[in-house]
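A short write-up of the structure that comes next.
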Amino acid sequence: MAILVTGGAGYIGSHTVVELLNADQQVIIVDNLSNANVNALERIETITGKACVFYQGSVLNKALLHKIFTDHPIESVIHFAGLKAVGESVIKPLQYYETNVTGTIILCQVMAEHNVKQLVFSSSATVYGIPEGLPIREDFSTGATNPYGQSKLMVEQLLRDLQVADNQWNIAVLRYFNPVGAHQSGLIGEDPADIPNNLMPFICQVAVGNIPELKIFGNDYLTPDGTGIRDYIHVVDLAQGHLQALQKLSEQPGIVTYNLGTGRGYSVIEIIKAFELVSGKQIPYRFAPRRDGDLAAYFADASLAYEELDWQPLHTLESMVESSWLWQSKNPNGYND
Ligand SMILES: NC(=O)c1ccc[n+]([C@@H]2O[C@H](COP(=O)([O-])OP(=O)(O)OC[C@H]3O[C@@H](n4cnc5c(N)ncnc54)[C@H](O)[C@@H]3O)[C@@H](O)[C@H]2O)c1
């Protein structure tokens, strides 16, 4: 039996495919490469010594999905494919809703037609909007402040409705906090096509000299050093969470929702200091005004995933920073090197 990984050539997808192949699973990837590089697939093969089947195409292409499900004995799906830049989603809402919401509807329709009803979905901590408190628990109220977050909430809701309508569906909704880091080989990692939206790839780009300095948005938050605190999680730990979620679905049917984070927050300044220590590079930065919608601190209560998935993040901050730097220093221009 095989696992279909949509968006499997992307950042989190590629790391999850490595873990799946290492666990002797057969993997089929569908990815339109809109935010990924085909070279990631060769690198996955180098790391694992195993190949996966790759289809270049969109989850919006129903005929292609039918072909994939017809040609392979797919048992479950991990659905990463989607657009993820919050700022861009405000400018291009229709594209975000089409890819993230319509893409999931089409995928689920084809899955149902082929009687494949086991799904792990990539959601995001952004669905908590302005959280009720800290640390953030799965039973907190949700509310999005941008089309990206709305699209994740819509998909979560439609998956719950789907499971109510047909209880043969087994679904894990995973709400990621801030994935960082890279595989220990330095062969795969985050390779933003444009100017990075997230802190760690931005720091990496400054460190290799592609960007002159880092702008820190806000140094007057009510945090120990005034900069924002986030819950960073190593991408390999995150990837492992997907394997545990699949295991859980095979043991306990229904729909489940888990935070995947470490439960520990680090400030922007703490990340910069850790990076400088590991890389020996100085990261020039300057402070800029807070950005609209940013919060002082955002971190998970991840105890439910610890208890119910038998999963725990194993990587430290040092290892998150070290692996990010290894990837970036070996590949200053990402997969184009
Ligand atoms: N990285 C984060 O900070 C973060 C946080 C929370 C949630 N997520 C979610 O996790 C998932 C994976 O994120 P990532 O960081 O690996 O992003 P990514 O952009 O690296 O991966 C997404 C992949 O989907 C592919 N894709 C996009 N549209 C597609 C389509 N229509 N059909 C097929 N493939 C398509 C892209 O080419 C890319 O390879 C996304 O759904 C994202 O919203 C990411």
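Quick notes on this structure:
- Extent of the stretch 198-337 along its three principal axes (Cα atoms, max minus min coordinate, largest first): 50, 40, 24 Å.
- Rounded, prolate or oblate (a/c below 1.5 giving rounded, otherwise prolate when a/b exceeds b/c) for the stretch 85-156 by Cα gyration tensor: oblate
- Probe 1.4 Å, protein heavy atoms only - accessible area per residue of the stretch 7-152 in square angstrom: 41 Å²
- The eigenvalues of the Cα gyration tensor, multiplied by 5 and square-rooted, give the stretch 249-326 an equivalent ellipsoid with semi-axes of 32, 18, 9 Å from largest to smallest.
- Shown in residue order for the stretch 130-141 are the 3J(HN,Hα) couplings computed by the Karplus curve 6.51 cos²θ - 1.76 cosθ + 1.60 at θ = phi - 60°: 8, x, 4, x, 10, x, 7, 9, 4, 8, 5, 5 Hz (x for Gly and Pro).
- The amide H of Val5, built 1.01 Å from its N in the peptide plane, has Ile28, Ile29, Val30, Ile78 as neighbours under 5 Å, considering only residues 5 or more places off or on other chains.
- Cα long-axis angle, helix 147-165 against the chain (0 to 90 degrees, to the nearest 10): 30 degrees
- Legend: P(r) of the stretch 1-142 from all alpha carbon pair distances, 10 Å bins from 0, whole percents, reading 11, 39, 33, 15, 2.
- Label-point gap, in nm, between Lys92 and Ile105 - each point 7 angstrom along Cα→Cβ: 2.0 nm
- Evaluating 6.51 cos²θ - 1.76 cosθ + 1.60 at θ = phi - 60° for every residue in the stretch 325-330, the Karplus couplings come out as 5, 4, 4, 5, 6, 6 Hz, glycine and proline recorded as x.
- Solvent exposure of the stretch 198-253, expressed per residue, is 39 Å² of accessible area, with all protein chains present and a 1.4 angstrom probe.
- Pairs of Lys residues in the chain that lie 8 or more places apart, or on two chains, and have C-alpha atoms under 19 angstrom apart add up to 10.
- Distance distribution note for the stretch 236-293: the fraction of Cα pairs above 17 angstrom is 64%.
- Accessible carbon and sulfur surface of the stretch 129-179 relative to its total accessible area, %, 1.4 Å: 49 percent
- Residue among Asp194, Asp24, Asp220 with the largest mean-square fluctuation in a Gaussian network model of the chain, springs linking Cα atoms under 10 Å: Asp194
- For the stretch 1-51, with all protein chains in place and a probe radius of 1.4 Å, 41% of the accessible heavy-atom surface sits on carbon or sulfur.
- The chain, Rg to Rh (Cα coordinates; Rh as Kirkwood inverse mean 1/r): 0.95
- Taking every DSSP helix (H) stretch of at least 4 residues in the chain, weighting each as -39,500 (n - 2.57) and dividing the sum by the residue count yields a mean residue ellipticity at 222 nm of -11500 deg cm²/dmol.
- Karplus-based coupling profile of the stretch 72-89, in residue order and whole Hz: 10, x, 7, 10, 8, 10, 10, 10, 9, 4, x, 9, 9, 8, 4, x, 5, 5, with θ = phi - 60° in 6.51 cos²θ - 1.76 cosθ + 1.60 and x standing for Gly or Pro.
- Angle of helix 235-251 to the longest C-alpha principal axis of the chain, folded into 0 to 90 degrees and rounded to 10: 30°.
- Rounded to 10°, Cα long-axis angle of helix 103-113 versus longest principal axis of the chain: 30 degrees
- The residues Ile105, Ile12, Ile171, sorted by heavy-atom accessible surface at 1.4 Å with ligands and nucleic acids left out, run Ile105, Ile12, Ile171 from largest to smallest.
- Kirkwood Rh (inverse of mean 1/r, distinct Cα pairs), the stretch 1-68, angstrom: 11.8 Å
- Spread over its residues, the convex hull of the C-alpha atoms of the stretch 101-243 is 162 Å³ per residue.
The values are calculated or read from the model by the stated rules, or taken from the named source; none is laboratory data. Note that the structure is predicted; figures quoted are calculated from it, not measured. Glycine also receives a Cβ, built like all others from the backbone with ideal geometry; neighbour counts cover every protein chain displayed. Just so you know, the surface numbers come from the protein's heavy atoms only, side chains and all, with ligands and any DNA or RNA stripped out. Shrake-Rupley method; radii C 1.70, N 1.55, O 1.52, S 1.80 Å.
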